[in-house]
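A.B. asks: Mind looking over this structure? Questions follow.
The values are calculated or read from the model by the stated rules, or taken from the named source; none is laboratory data. All values reported here derive from a predicted model rather than from experimental measurement. For neighbour counting, all protein chains shown are included, and Cβ atoms are generated from backbone atoms with ideal geometry for every residue, glycine included.
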Amino acid sequence: MDFPAFPDAPPLLTQEEKQELAATTCSVARYKAILEDKTTAYNDLFHSLYPIEKLVKGLSSVYDEALQAAWTAKQLDTEKSISLIAVGGYGRGELHPKSDIDLLILIDDKASAPKTKIEAFITFLWDMNLDVGHSVRTISECTDMAASDITVITNLIESRILCGPADLLATLNLHTDTSQMWDGHTFYQAKVEEQKKRHAKYQNTAYNLEPNLKECPGGLRDMQVIDWVAKRHLHTHRLSALIDKSFLSEDEYMQIKGAVGHLWRIRWALHMESGRKEDRLLFDHQRTLAKLFGFDDDDLKRNVERFMQGYYQSVAAIQQLNDLLLQHFEESFLSKDDIDNIAIINERFQTTNGQIEARSPSLFQDIPSSMLEVYALQGSHEHIRGMRANTMRQLRDNLDLVDDEFRNNAENKDLFLDIISSRHHLSSLLRSMKHLGLLGRYLPEFGAIIGQMQHDLFHIYTVDAHTLQLVENLRRLWKPEFKQKFPISSQAIRHVPKVELLYIAGLYHDIAKGRGGDHSELGCVDAQAFCERHGLSKQDTALVVWLVRNHLFMSVTAQRKDISDPDVIWEFASYVKDQEHLDYLFILTVADINATNPTMWNSWRASLMRQLYLETKRALRRGLDSPIEAEMLIDEHKQRALEIIIERNVDITEAENLWAAIEDEYFIRSNGEEIAWNTEAILQHRPSEKPLIAITPLGGRNFSGASKVFIYTPISKHLFAVTTAIFEQLGFTILDAKMSHTSDHYTLDTFVVMDSNDNETNLYLDKNRIESIRETLIEQLDSPSLYESLVQRHTPRILKIFNSPATAHFVSQPEEVWSTLEITAPDRPGLLALVGQFFMNNNLMLHKAKIATLGERVEDTFYITDENGELITDTQKMNQICTLLKEKIDRFSQAMD
């Protein structure tokens, strides 16, 4: 490989290579070989930490020379009315190993296109396996399309000549100039609207689970938007020109350059490692790139988190400067002819056209507390809609003043509490404070979690993004449009004495993530320090600390424990102690689950949280000294069921005769509505028809989401294994299961299921799927040996990334009715059927199951006895069950991957 004379330049084509490629006899294979050699050389330089800017520009130049040679080889260089134009990213002279090569073949309006030569040229590029996007148009056609299409005009903004007469492109540029179309104001508005729509596709956050480093908020496209607007309005040809025009400072330019360079390196590595154009940081790529970027110790999870933290810091920098520059552009050249509407707020601040602005260019330097006051004022004035660019920049430039002295200043502490207590814009204010760097400075413990990734499928945001989303969720509970989705928490938040304590607890609930140890306990220390430093009362401090310590307690209780058991409710109520603590914890938990992963909040989790809240509320009203007894609960549930079946004209005597054969545990763990539904279905069922299957939506017939499936059939030891296999093969996720028996050897099984692909599918309305469940269940119960072949679904790619050994252990419970077995394992299709088969083969009776899928893992609880219905108490037997089950699950997980 011949290298150029300048050692600081990456390799281009040698003169000999150019001549060889330009020959009409040069083969596709030779082109491919030379380009592959150059790309390999560039990849070697990448591994040597060669400056990424030179690699991106250099590789673009390599392809320039190759295309110019191909243009000559196909004898297009003799044509005087046609030009080859680079557009798009290639037009910017930025090329990664597998990037698109966007070309425009531009033809003079008065000439005829040499179609044969053009077709031969494009076919030649395709034969080289280049990812070419091309168009063949006359100057007039380009002009007409650019006038009506923002994408076309944007591509032309970045066009540059590769081959042919330069005057063709010059003419096109005149026809598409701002004097002819897309003036600066119109172009700006179109690009901002385009950016908003693009951001919405990624939930308006840069902190997605598997982000797209080009298209996500804060990605490379956001920086290009700035570049496009500047080129269109200011006619700049490089980003650094914005410094001379006072739109960027030297420091801001270096910050952008560093962030873009970092994303370019990641993108280059993605293309190089995947062997294709790839802009998504998928989990498997994150692991590979973490090692490539030097994070290669033994802790894989920590390596990925550190690598991704650097990524998130870069996109945060781009997003911050994108916001600032777009705001600056709007003020500088979009509204410059408007008469400013100025309103004085106080001696330090005013609003200009509805946005707050410092009245002095040195305000924050002179009065540092004004950096907090500017946010406190926005929180107390509903009409203020953001901050002026000059004030944003002034604030960023003075962040060094936020030190320990600033944090301990009494006025600043009061101002921060004013912000937390804001009547308006709280979530927007906190996000702005984070983006500009103020929140992480004022609360260093919060600064430590900015960009802190959680490498799992349960949390889809970084810790800081999740925290601010939680606060926003708390604010949403006040809005009428969210009352239907969160009826109880929307009502409860209006009754808590001090809602600002929820916001503080929300800010601190995950503050200790990434430190190791129990983040709930570690976070209590920071929360207490904050409360004491800001002068909260001992009572308020104790409540905030309690909420931080217990922020997971209610969701764990609802999802992992049997909340139909009155003892579980009494224990939970005894810990919570009073209605005030219950309300605070319930509201915080609902907001937390929805901020962790919006898909986690479904009708099933909503029903669990609602049931635990209402049952605990009843227990507190009844008094902790008077726990409800099982007999009383049975009578209560039966009485409610009788009221319902009487309304439905069901024979009471037949119902009571049926109930006499069912074990008491059924009536303890089923409410009146469920008992009535089951009873009516059984009494209407003809005994010759087996099994009985009834389905109803969870929460009523107009409620979409999870469904209850009731099965009534003679007892069979393989029923659970067969049923779970059928559900999983038909595409349902099983959320809960309980089994009850009758004295005449029938079983009443209730499963709560949800569509695996669409959380809002209402199974009750899908008659075809109901019939498919019924027919398959009947068939498989008749031939249970065949059920293992049912689960044939492949493990999704994203689940294969996460594989860890299973755990299994028995949990001791006071006054146990059944033995409690807890299993943690990687989520795999068919896992429940496997567990059911294990129980069957080991003569274990399953009475109830609590199924919890938390991202990539399941945490399931099974209530079992031996085949005689007796508790399993022998330690050796317990250890044997756990060991065998763990081995079986681990072999299964590996086979599925």
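A.B. asks: Against the condition closer than 19 Å to Gln327 by Cα and at pLDDT 90 or above, how does Lys214 come out, does it pass? Don't jump to the end; show me each part of the working.
C.D. replies: Numbers: closer than 19 Å to Gln327 by Cα: no; at pLDDT 90 or above: yes.
No: the conditions fail for Lys214.
A.B. asks: Enumerate the pairs (first residue in segment 212-236 and over 20 Å from Asp279 (Cα atoms); second residue anywhere and outside any helix (DSSP H, G or I) and polar (S, T, N, Q)) with beta-carbon separation below 6 Å, excluding pairs fewer than 6 apart on the same chain, so at least 6 apart or on different chains.
C.D. replies: Listed by first residue and then by second, the contacts come to Ala230/Thr236.
A.B. asks: Output the number of the condition that Thr616 fails; it satisfies all remaining conditions of (1) more than 30 Å from Asp526 (Cβ to Cβ); (2) out of contact with any strand residue (DSSP E or B) (no Cβ under 7 Å at 6 or more places or on another chain); (3) assigned to a helix (DSSP H, G or I).
C.D. replies: Looking at each condition in turn, Thr616 falls short on (1).
A.B. asks: Continuing with this model, one more query. Check His233 against each of (1) of a type outside the set (Val, Ile, Thr); (2) in a helix (DSSP H, G or I); (3) within 23 Å of the chain's Cα centre (by Cα) and name the one condition it does not meet.
C.D. replies: Evaluating His233 over (1) of a type outside the set (Val, Ile, Thr); (2) in a helix (DSSP H, G or I); (3) within 23 Å of the chain's Cα centre (by Cα) leaves (3) as the failure.
A.B. asks: Also, I was wondering about something else. Kindly list, by first and then second residue, each pair from a residue in segment 562-591 that is without any contact (Cβ under 8 Å) to a residue 12 or more places away in the chain and in the same structural domain as Met739 (by TED's automatic domain parsing) to a residue that is crowded, with 19+ Cβ neighbours inside 10 Å and not acidic (Asp, Glu), limited to pairs with Cβ atoms under 8 Å and residues at least 6 apart or on different chains.
C.D. replies: Final answer for the pair search is none.
A.B. asks: Looking only at residues that are among the aromatic types (Phe, Trp, Tyr) and part of a helix (DSSP H, G or I) in segment 454-510, which one is modelled with the lowest pLDDT?
C.D. replies: Kept after step one, since they are among the aromatic types (Phe, Trp, Tyr), are these residues of segment 454-510: 458, 461, 478, 482, 486, 503, 508.
Subset that is part of a helix (DSSP H, G or I): 482, 503, 508.
Values: Phe482: 90, Tyr503: 98, Tyr508: 98.
Out of the qualifying residues, it is Phe482.
A.B. asks: Looking at segment 91-101, can you tell me whether even one residue there is over 26 Å from Arg276 (Cβ atoms), surrounded by 21 or more Cβ atoms within 10 Å (Cβ to Cβ) and outside the structural domain of Asp323 (by TED's automatic domain parsing)? Steps first, answer last, please.
C.D. replies: Here is the first cut: in segment 91-101, the residues over 26 Å from Arg276 (Cβ atoms) are none.
Within segment 91-101 (the criterion being over 26 Å from Arg276 (Cβ atoms), surrounded by 21 or more Cβ atoms within 10 Å (Cβ to Cβ) and outside the structural domain of Asp323 (by TED's automatic domain parsing)), the answer is no, since none of the residues qualifies.
A.B. asks: Any chance segment 783-793 includes a residue that's outside the structural domain of Glu665 (by TED's automatic domain parsing) and either on the phi > 0 side of the Ramachandran plot or modelled with pLDDT of 80 or more (or both)?
C.D. replies: At the first step, the residues of segment 783-793 found to be outside the structural domain of Glu665 (by TED's automatic domain parsing) are 783-793.
Next, only the ones that are either on the phi > 0 side of the Ramachandran plot or modelled with pLDDT of 80 or more (or both) stay: none.
Among the residues of segment 783-793, not one is outside the structural domain of Glu665 (by TED's automatic domain parsing) and either on the phi > 0 side of the Ramachandran plot or modelled with pLDDT of 80 or more (or both), which makes the answer no.
A.B. asks: To continue, here is another question. Can you find, within segment 382-423, the residue that is surrounded by the most Cβ atoms within 10 Å (Cβ to Cβ) among those that are among the aliphatic types (A, V, I, L, M) and assigned to a loop (DSSP other than H, G, I, E, B)? First the steps, then the outcome.
C.D. replies: So in segment 382-423, the residues among the aliphatic types (A, V, I, L, M) come out as 384, 387, 389, 392, 395, 399, 401-402, 410, 415, 417, 419-420.
Those still in the list that are assigned to a loop (DSSP other than H, G, I, E, B) too: 384, 402.
Numbers: Ile384: 20, Val402: 22.
Per the stated criteria, the residue is Val402.
A.B. asks: Conditions first: (1) surrounded by 22 or more Cβ atoms within 10 Å (Cβ to Cβ); (2) of a type in the set (Ser, Thr, Tyr); (3) under 25 Å from the mean Cα position of the chain (by Cα). Thr599 passes all but one, so which condition is the exception?
C.D. replies: (1)
A.B. asks: Which helices (runs of 4 or more DSSP H) sit wholly inside segment 654-755 and have at least 3 residues that are in contact with a Lys or Arg (Cβ under 9 Å, 6 or more places away or on another chain) and free of Cβ contacts under 8 Å to residues at least 40 places away in the same chain? Before you say what the answer is, go through the steps one by one.
C.D. replies: Numbers: elements: 664-669, 672-684, 719-729.
Correct list: 672-684.
A.B. asks: Let me ask something else about it. Condition check: surrounded by 21 or more Cβ atoms within 10 Å (Cβ to Cβ) and touching a Lys or Arg at 6+ places or on another chain (Cβ under 9 Å). Does Leu242 satisfy that?
C.D. replies: Details: surrounded by 21 or more Cβ atoms within 10 Å (Cβ to Cβ): yes; touching a Lys or Arg at 6+ places or on another chain (Cβ under 9 Å): no.
In short, no.
A.B. asks: Mind listing whichever residues of segment 103-121 are β-branched (Val, Ile, Thr) and crowded, with 17+ Cβ neighbours inside 10 Å? Can you show your working first?
C.D. replies: Step one: of segment 103-121, the residues β-branched (Val, Ile, Thr) are 105, 107, 116, 118.
Once the filter is applied, which keeps residues that are β-branched (Val, Ile, Thr) and crowded, with 17+ Cβ neighbours inside 10 Å, segment 103-121 yields Ile105, Ile107, Ile118.
A.B. asks: Please go through segment 161-177 and give me each residue that is touching a helix residue (DSSP H, G or I) at 6+ places or on another chain (Cβ under 8 Å) and surrounded by 15 or more Cβ atoms within 10 Å (Cβ to Cβ), ordered by number.
C.D. replies: To start, the set of residues in segment 161-177 that are touching a helix residue (DSSP H, G or I) at 6+ places or on another chain (Cβ under 8 Å) comprises 161-164, 168, 171-173, 175-176.
Within segment 161-177, Ile161, Leu162, Cys163, Gly164, Leu168, Thr171, Leu172, His175, Thr176 meet the criteria.
A.B. asks: Would you pick out the residues in segment 511-524 that are assigned to a helix (DSSP H, G or I) and farther than 14 Å from Leu443 by Cβ?
C.D. replies: Residues satisfying the conditions are His519, Ser520, Glu521, Leu522, Cys524.
A.B. asks: Another question, if that's okay. Limited to segment 88-126, what total is found for residues that are farther than 22 Å from Gly261 by Cβ, among the aromatic types (Phe, Trp, Tyr) and in contact with a helix residue (DSSP H, G or I) (Cβ under 8 Å, 6 or more places away or on another chain)?
C.D. replies: Summing the residues that are farther than 22 Å from Gly261 by Cβ, among the aromatic types (Phe, Trp, Tyr) and in contact with a helix residue (DSSP H, G or I) (Cβ under 8 Å, 6 or more places away or on another chain) in segment 88-126 gives 2.
A.B. asks: Restricting to segment 238-291, what's the tally of residues that are within 13 Å of Tyr311 (Cβ to Cβ), assigned to a loop (DSSP other than H, G, I, E, B) and of a type in the set (Lys, Arg)?
C.D. replies: Matching residues across segment 238-291 total 0.
Residue-wise test of (1) in the same structural domain as Tyr202 (by TED's automatic domain parsing); (2) modelled with pLDDT of 90 or more; (3) on the phi < 0 side of the Ramachandran plot; (4) part of a helix (DSSP H, G or I).
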site: Gln309; (1), (2), (3), (4): yes, no, yes, yes
site: Val315; (1), (2), (3), (4): yes, yes, yes, yes
site: Asn322; (1), (2), (3), (4): yes, yes, yes, yes
site: Asn346; (1), (2), (3), (4): no, yes, yes, no
site: Glu357; (1), (2), (3), (4): no, yes, yes, no
